[in-house]
Structures are given as C-alpha cells and as structure tokens.
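Working notes, beginning with the structure itself.
The values are calculated or read from the model by the stated rules, or taken from the named source; none is laboratory data. Nothing here was measured: the structure is a model prediction, and the numbers come from that model. Because the Cβ atoms are built from the backbone with ideal geometry, glycine has one as well, and the counts that use them run over all protein chains shown.
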Amino acid sequence: MSEVSGNFRLGYLASTPDSGQRHESFAVGGALTYHSASWQGFSAAGTLYSSQKLFSDDHSAFFGADGTSYTIVGQAYMQANIANTEFKVGRFGFDSPHLDMDDVRMVPNTFSGILVTNTSISDSTIYLAHLDKWSGISAPEPETFTDIAGSKGVNILGVVYHGVEHLSLQSWFYHADNLANLAYLEASVEIAQLTWAVQYGKQVDNRFDKRGPDGDVFGVSASYSLDNFSFSAAYNQVWGTIIDGFGGGPFFTSAADHTIGDVKDQSALAVGVAYTGIDNLTISLLNVAFDKGADELDLTLHYDFGNDIVFDFIYHHMQADGDMALALLNVGF
C-alpha cells in the first residue's frame, strides 16, 4: 500500500569567526515523502524539502545560494524491483563514502540519475550509478539541481561485503567528469567491545587544466566500549591533495566542520569519548588536531524523546576559525 511520511525540522545556527562578527540563522522546514504501492515490482516516490526563514538568515548553509528561503522536490523517482536487483531512475537520496546526503543542516543532498543495486552474490551488495545533477547542503546552489562534476556527471561502482562474521569490507570507484578518479577501500573488524578499521584512498586528477585533486590517503581508527562509555581514536595521513567528494566525506578524522580535504600533505589525529549513562541522552566530545589548519573541538548532545522526536546540539570550537553552534529539532511522522 502507499505511504506518506516525513519530518518537521526546526534549526538554529550561530557562528562567531575570529573577527568577532556574530552570524545567526533560525529556520523551520522539513520533508514530506510519498511512496506509492508496488505494482508488479514497480513503484514511484517523491520527497518535498523546505527551509524557511524564521528570524535571522545570516547563514547561507540553511538557505539558498542567494540567502533566501526555498522549497524543492528533492526526490522524484521510479523504482523497479526485479529478482535481486533494484533500479531507481530520477531524483533520489544515496549514501556512499565520497557521495552522500550529508543531512546536517535543513535540507540534505539528493542526486539525479540512475542507481542499480544488486544482491545476487551472497553476503554482498553491488552498486552501479550514473549521477548527473545534485542539490542540497553541499551543492553550489542548494535550491536547484545543477551539474555535478561537469556535464558528464559521476559514474560509480561499489561493492560491500559482510560474509565473514565481525568483518566488513567495501570498495568504491568514482569517475567524476573533469575533476578526478577516486578509489576508496575500507575494512573494519569488531571483536567484543573493540572495533578496528582501516581505510585507503587514491585520487587521480583528470581536469583539463590539471588543477584537480591528486594524492593518496591512509587512515586507521579504533573504538572501545566500556560500560556507559565509548572511547575512540583515529589517524589520517595525506600524500598530495585529496577531496571529501560530494558530501561529508569518509575520513576517520573528520570533525563536524573541518576535514583533511583540500590541504596538501595534511595529517590529523582525532580522540573522542561518548557517554550514554543517562536515559535517552548521548554526550560526545571529539578533538581533532590537524598539522595544517585550525584544530577543532566538538561537543555533541543527542536526546531521543521517543515517538520519533530527536534533538541534536553541536558546539564547535575551531581555534583561529572561531566558534559555531548548531541545534536541530526533528519530529517525524
């Protein structure tokens, strides 16, 4: 049968750069999704997203490229499920290491193109995609769909494997027109309360003017759970220059705002702790030290009221880059 769902979102964003000039934005919005009933494996879906000025509108991160409120049909696709294969054509959300929805403000990234997902191989999922346009928080014009990585778009091949207990493997390749070829590998192992992970990425410039990313990145991370605490540490090293991609990026040392992307020969060390000893509340503290650029300290509060009501607050202290506070209240339905 058909379904209607969505969420109401209330957002506040404030920043004080090193210059001392404070910027604030209040917004109200959310998402409304309709998914049709399936008929012989075929269905359709659409999502309307909106971000509307409530009080101040100093931050373009909440609004359109010109700083105004906007509403957009972020998803509108046809879906076909045939045996072990799912096809999507149109506008849709998609999450992968170097291209994702990055839902950290009012409206997430969504993409236009075709996506094929296949599970014919036991314990494996294979992704094939061609994406030509995008919109949302990471796009240059969030309020409309514009070309992604040039007129020829991005071609994606990904394989995720979960066939060995406690082990997860994934490999991805992206050909981004007139930007770069990006390869990404990741493995993680979970043993009791301890989780280890390793990542490697290689990016090769294919811009006509040779000004695209070109470099390698290695990363390792570990986390350990003890009673109501979780402790984590991660390290990344870049040789050359790499980018996050189209979204938040996959790197282990990524802070809420700063990452290792776009800085030549960058390295970073992240250390964090999270506490879950209070019902429905998670308190996290993460410090990321970059050898080039400003370090970042993030304090995060996540509270689940139940009934699909969630509140998130993040305070970023970014050294010479100033401070930022973000609050989001989400009410699902």
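Values computed for the structure shown
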{"quantity": "Any chance Met106 is of a type outside the set (Lys, Arg) and touching a residue at least 60 places away in the same chain (Cβ under 8 Å)", "calculated": "yes"}
{"quantity": "Selection count, region 1-22, where residues are at pLDDT below 90 and surrounded by 17 or more Cβ atoms within 10 Å (Cβ to Cβ)", "calculated": "1"}
{"quantity": "Every residue from region 24-40 that is free of Cβ contacts under 8 Å to residues at least 24 places away in the same chain and either crowded, with 17+ Cβ neighbours inside 10 Å or part of a strand (DSSP E or B) (or both)", "calculated": "Trp39"}
{"quantity": "Ala65 outside any strand (DSSP E or B) and touching a strand residue (DSSP E or B) at 6+ places or on another chain (Cβ under 7 Å)", "calculated": "no"}
{"quantity": "Residue that is aliphatic (A, V, I, L, M), in contact with a His (Cβ under 6 Å, 6 or more places away or on another chain) and farther than 26 Å from Gly150 by Cα, where the choices are Ala83, Ala45", "calculated": "Ala45"}
{"quantity": "Members of region 182-213 found to be at pLDDT 95 or above, within 22 Å of the chain's Cα centre (by Cα) and either among the charged types (D, E, K, R) or not in a strand (DSSP E or B) (or both), listed by number", "calculated": "Glu186, Lys202, Pro213"}
{"quantity": "Residue match in region 5-23 (condition: among the aliphatic types (A, V, I, L, M) and part of a loop (DSSP other than H, G, I, E, B))", "calculated": "no"}
{"quantity": "Of all residues in region 309-333 being over 23 Å from Val4 (Cα atoms) and free of Cβ contacts under 8 Å to residues at least 24 places away in the same chain, the one that is farthest from the chain's Cα centre (by Cα)", "calculated": "His317"}
{"quantity": "Search result, residues across region 231-287 that are free of Cβ contacts under 8 Å to residues at least 40 places away in the same chain and of a type in the set (Phe, Trp, Tyr)", "calculated": "Tyr235, Trp239"}
{"quantity": "Selection within region 207-252 - under 16 Å from Asp265 (Cα atoms), out of contact with any strand residue (DSSP E or B) (no Cβ under 6 Å at 6 or more places or on another chain) and acidic (Asp, Glu)", "calculated": "Asp244"}
{"quantity": "Close pairs (6 angstrom Cβ cut-off, 6 or more residues apart or separate chains): in contact (Cβ under 8 Å) with a residue 12 or more places away in the chain and closer than 11 Å to Ala325 by Cβ in region 6-17, surrounded by 18 or more Cβ atoms within 10 Å (Cβ to Cβ) and among the polar types (S, T, N, Q) anywhere", "calculated": "Leu13/Ser25"}
{"quantity": "Entirely in region 84-181, the strands (runs of 3 or more DSSP E) that have 3 or more residues that are acidic (Asp, Glu)", "calculated": "none"}
{"quantity": "First in region 288-300 and on the phi < 0 side of the Ramachandran plot, second anywhere and hydroxyl-bearing (Ser, Thr, Tyr) and in a loop (DSSP other than H, G, I, E, B), Cβ under 7 Å, 6 or more apart", "calculated": "Val288/Thr253"}
{"quantity": "Residue count, region 294-320 (criterion: over 24 Å from Ala27 (Cα atoms) and in contact with a strand residue (DSSP E or B) (Cβ under 9 Å, 6 or more places away or on another chain))", "calculated": "4"}
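To keep it simple, each residue is scored yes or no on (1) surrounded by 17 or more Cβ atoms within 10 Å (Cβ to Cβ); (2) more than 30 Å from Leu281 (Cα to Cα); (3) of a type in the set (Gly, Ala, Ser).
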site: Ala149; (1), (2), (3): yes, yes, yes
site: Val154; (1), (2), (3): yes, yes, no
site: Tyr161; (1), (2), (3): yes, yes, no
site: Phe173; (1), (2), (3): no, yes, no
site: Tyr184; (1), (2), (3): yes, yes, no
site: Val198; (1), (2), (3): no, no, no
site: Gly219; (1), (2), (3): yes, no, yes
site: Ser223; (1), (2), (3): yes, no, yes
site: Ile242; (1), (2), (3): yes, yes, no
